[in-house]
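Read the structure below first, then the notes.
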Amino acid sequence: MNHDAWEPRGLFDSEDVQIKLRIMHAVDRSLDQVTVADLCEKTGISRQTFYRNFDSKYSLHWWWPTHIHKFYLIEVGRTIDWETGYFHHIRLLSLEKGFFEVATQYTLNSPIERSIMPHYRKCALMETLRDYRGIEIDDDLMFCVDTWVKTETEILTEWYRLGAAPPPGEAAAKLVSVMPRTLYEALSMD
């Protein structure tokens, strides 16, 4: 796979990431229809290697968004603005849009699986608000954070599951336009 120089260091270059990408790229149908044995056979790895990298086949769905989260989204309010963070996060998500369109043609019924990305987003936003911005998190701001991380995850999941994600710039603008103003302003870089 050829990656441009603009990709952040660490995005693709570790052996761990390469193995996880190989497993992800072996998915050719809904995660409900593929087995761990199928993925191991296609990638030439053992079940032990699979389970060293993923808790279950359904963990594949959240690995890429969680992995790329640390490159741009976590920096919103720290070193970059919302639009830049979303633009690059969505650009990186789009690199694996084929996986999401094929693999997520099922319903995530497990509350644990559905809460992985919102959990990471909430932790990052809380840390940025408290530790980087020194903002006291009152009930109203907490409500904004809780509501937004669930909404953001649902929007992105639907866009990629349906193959309807707008181009990164347009998607970033759409997300920013509907986010709670209180949260937007708290992490504004102005």
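Exposure proxy for E101, E136: other Cβ atoms within 10 Å of each Cβ, ordered fewest to most, give E136, E101. Per-residue ellipticity at 222 nm from helix content only, as computed over the chain with -39500 (n - 2.57) for each DSSP H run of at least four residues, stands at -18000 deg cm²/dmol. Amide H contacts for V34 (H built 1.01 Å from N in the peptide plane; partners 5 or more residues away or on another chain; cut-off under 5 Å): none found. The slack in the chain from K42 to R181, taken as 0.36 nm per residue of separation less the alpha-carbon distance, amounts to 45.4 nm.
Evaluated over the chain, the count of Lys pairs having alpha-carbon atoms less than 21 Å apart is 15 (only pairs 8 or more residues apart or interchain).
Modelled label positions at T66 and S14, each set 7 Å beyond Cα in the direction of Cβ, lie 1.3 nm from each other.
In segment 38-93, the C-alpha radius of gyration followed by the widest Cα-Cα span (Dmax) gives 15.2, 43 angstrom. Between D139 and T84, the contour length at 0.36 nm per residue exceeds the alpha carbon distance by 17.0 nm. Here the chain is treated with +1 on each Lys and Arg Cβ and -1 on each Asp and Glu Cβ, and its dipole about the Cα centre works out to around 540 debye. For the chain, relative contact order (Cα pairs under 8 Å, six or more residues apart, normalised by length) works out to 25 percent. Placing unit charges on the Cβ atoms of the charged side chains and taking the dipole of segment 30-89 about its Cα centre, the candidate lying farthest along the positive direction among Y86, F50, W64 is F50. Between S94 and E158, the distance separating the two model label sites (each 7 Å from Cα on the Cα→Cβ line) works out to 2.0 nm.
Readers should treat all values here as calculations from the given coordinates under stated rules, not as data from a laboratory. Note that this is a predicted model, so its numbers are computed, not measured. As a convention, Cβ positions derive from the backbone with ideal geometry for all residues, glycine included, and neighbour counts pool all protein chains shown.
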